[in-house]
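Taking it in order: structure first as structure tokens, then the write-up.
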Amino acid sequence: MLTDAQKRFVELEKKKQEYRLFFDELKEATQDVANEIGIGGMFQDEDKTVYQIVIPDGKFVHYEKIGYIRTRRVDEKKGDLSLKKAQESGFTVE
């Protein structure tokens with residue numbers, strides 16, 4: 001039986017790939033706009049929000065102090081946590 005914290009973690013972890021794909025698409029769309037209007041170019045949307053394409057000064061790198069690894073899902077080829085190790089720890093895996 002999962003605790004509430006474990007349930008919340010699993011729900012969010014399953015969404016991680018969706019968000020990764022979203023940010024990959026946003027990066028591609030940003031590059032497409034940069035190709036159209038150039039660095040420094042600006043445009044405005046229907047809501048009157050103005051966007052400018054820039055080269056960021058830098059990125060803040062965030063290092064996690066606590067992370068996780070997991071076994072692969074049914075539709076995946078590989079996970080970071082080996083099935084053998086999970087089995088040896090008493091879990092039933094396929």
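Rounded to the nearest 20, the size of the Cβ-charge dipole of the chain about its Cα centre is 740 debye, with Lys and Arg at +1 and Asp and Glu at -1. Across the cross-link table entries K7/K78; K65/K85; K27/K85; K16/K78; K14/K85; K15/K48, which are compared at the Cα atoms, the separations over 25 Å belong to K27/K85; K15/K48. In order along the stretch 11-20, phi translates into HN-Hα couplings of 4, 5, 5, 5, 7, 3, 5, 4, 5, 4 Hz, rounded to whole numbers, per the Karplus curve 6.51 cos²θ - 1.76 cosθ + 1.60 with θ = phi - 60° and x for Gly and Pro.
The numbers here are math on the coordinates, done by the rules we state, and not lab data. From a predicted model like this one, the values you see are computed outputs, not experimental measurements. A quick note on method: Cβ atoms are made from the backbone with ideal geometry, for glycine too, and the neighbour counts reach across all protein chains shown.
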